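The values are calculated or read from the model by the stated rules, or taken from the named source; none is laboratory data. Here the structure is a predicted model, which means the values were calculated and not measured. Glycine gets a Cβ as well: all are built from the backbone with ideal geometry, and neighbour counts include every protein chain shown.
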Amino acid sequence: MPTLFDTLALGALTIPNRIMMAPMTRGRATREHVPTAMMAEYYAQRASAGLLISEAIGLSRQGLGWPYAPGIWSDEQVEAWKPVTKAVHDKGGRIVAQLWHMGRMTHSALTGEQPVSSSATATPGDAYTYHGKKPYEIARPLELEEIPGIIADYVHASHQAISVGFDGVQIHAANGQLIDQFLRDNSNFRTDAYGGSIANRLRLLVEVTQATADAIGADRTSVRLSPNGETYGVDDSDPTPLFEAVAAALDSIGIAFLELKEASPKGTFVSTDVPRQSPMMRPYFRGALVLNSDYDLARAQADLDSGLADAISFGRPFLANPDLVRRLQDRAPLNPTREETLYTQGAEGYTDYPALDDEIAVA
């Protein structure tokens, strides 16, 4: 059986190990959502990952509702991504761009317009804005004639990502974002071709994925899902048949890989008693399956050994350990994450985590 340190073919890419960096919003861009030099350093520090999945990148002003998160719709944003991908490639790494439309999780204080979603619903809780937390607003349902424009935004962002040096894209369809709002039945009450049946609710995901694959190649296209339980108020009453159908549909498109953000009763990001959906989805998706869920080395290798996963993506361990691959290989201790600096705008808790060589030099 393969180990975490063996190579893996992912569509157009062959990655040198099966330890991937999961996408993580960090809030180090400008107020105009332009990437910064600090971001290039951050990703280059972690280039030993088999594959870096970027933080979520807004594909349009309408879809980006997180302060200081990067976008890829303006000329300035596009140009600023070039040093980031170059820095990763100069270190021998590979990086794909995760494309983001937040749907009802945006706020008019950031976008200048009412949020959009599958239906007239609101995310529970408060949104982060430049003026502090504000209650999430009720979204307006996307009109049928608007949906082709949303799909076109994904295609345009995919072209832009490839043009600036990303090695592929990942469609963010997880964590209660726009596509997830269409997928699951407690947030989608539509009665048209995008609501009701499972086939209808997965239509937007399939159309976005197929259009992206047609634009840049299925071998450079991937998708992220969170099939387990509730996330930001989005949930489904019967997730297994839904996500089995999603897995089969994505398999037919032939995407490079599918990443699943799983959850457990004591998960860091999401806690749930809903059983893991990956064992049910695995028979329906024959491509590379990447799992993400508070993994340590032993659990990660066990899921590779069983054939359930082909690779594992690590989130916060990679945030705090730029040389995570080496640390796992050497069974070295891991730096703890500094929670208070997760979304601040400075280098502290971002590019100042020490690598093993730094710690040895200090000692």
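In table form, for the structure just shown:
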item: Qualifying residue in the range 231-247 (condition: in contact (Cβ under 8 Å) with a residue 24 or more places away in the chain, buried (at least 20 other Cβ atoms within 10 Å of the Cβ), on the phi > 0 side of the Ramachandran plot and of a type outside the set (A, V, I, L, M)); result: yes
item: Condition met for Gly92 (buried (at least 17 other Cβ atoms within 10 Å of the Cβ) and in a loop (DSSP other than H, G, I, E, B)); result: no
item: Test: residue in the range 309-332 that is among the hydrophobic types (A, V, I, L, M, F, W, C) and more than 21 Å from the chain's Cα centre (by Cα); result: yes
item: Residue in the range 138-149 that is touching a helix residue (DSSP H, G or I) at 6+ places or on another chain (Cβ under 8 Å) and of a type in the set (D, E, K, R) present; result: no
item: Filter result for Lys82 (in a helix (DSSP H, G or I), at pLDDT 95 or above, surrounded by fewer than 24 Cβ atoms within 10 Å (Cβ to Cβ) and of a type outside the set (Phe, Trp, Tyr)); result: yes
item: Checking Ala213 against (1) under 25 Å from Ala263 (Cβ atoms); (2) surrounded by 18 or more Cβ atoms within 10 Å (Cβ to Cβ), the condition it does not meet; result: (1)
item: Some residue of the range 170-190 being acidic (Asp, Glu), in contact (Cβ under 8 Å) with a residue 40 or more places away in the chain and farther than 26 Å from Met21 by Cα; result: yes
item: Residue within the range 5-22 that is part of a loop (DSSP other than H, G, I, E, B), of a type in the set (D, E, K, R), in contact with a Lys or Arg (Cβ under 9 Å, 6 or more places away or on another chain) and farther than 24 Å from Asp352 by Cβ present; result: yes
item: Elements of type helices (runs of 4 or more DSSP H) in the range 225-330, at least 3 residues being farther than 30 Å from Gly196 by Cβ and modelled with pLDDT of 95 or more; result: 297-305, 316-320, 324-330
item: So Leu204, is it over 23 Å from Gly149 (Cβ atoms), at pLDDT 95 or above and in a helix (DSSP H, G or I); result: no
item: Count - residues of the range 29-45 that are touching a residue at least 40 places away in the same chain (Cβ under 8 Å), assigned to a loop (DSSP other than H, G, I, E, B) and surrounded by fewer than 23 Cβ atoms within 10 Å (Cβ to Cβ); result: 4
item: Candidate set: the range 46-63, residues that are hydrophobic (A, V, I, L, M, F, W, C) and crowded, with 24+ Cβ neighbours inside 10 Å; chosen: the one farthest from Asn321 (Cα to Cα); result: Leu59
item: Residue among Leu289, Leu304, Leu225 that is more than 20 Å from the chain's Cα centre (by Cα), under 21 Å from Leu13 (Cβ atoms) and of a type outside the set (Phe, Trp, Tyr); result: Leu304
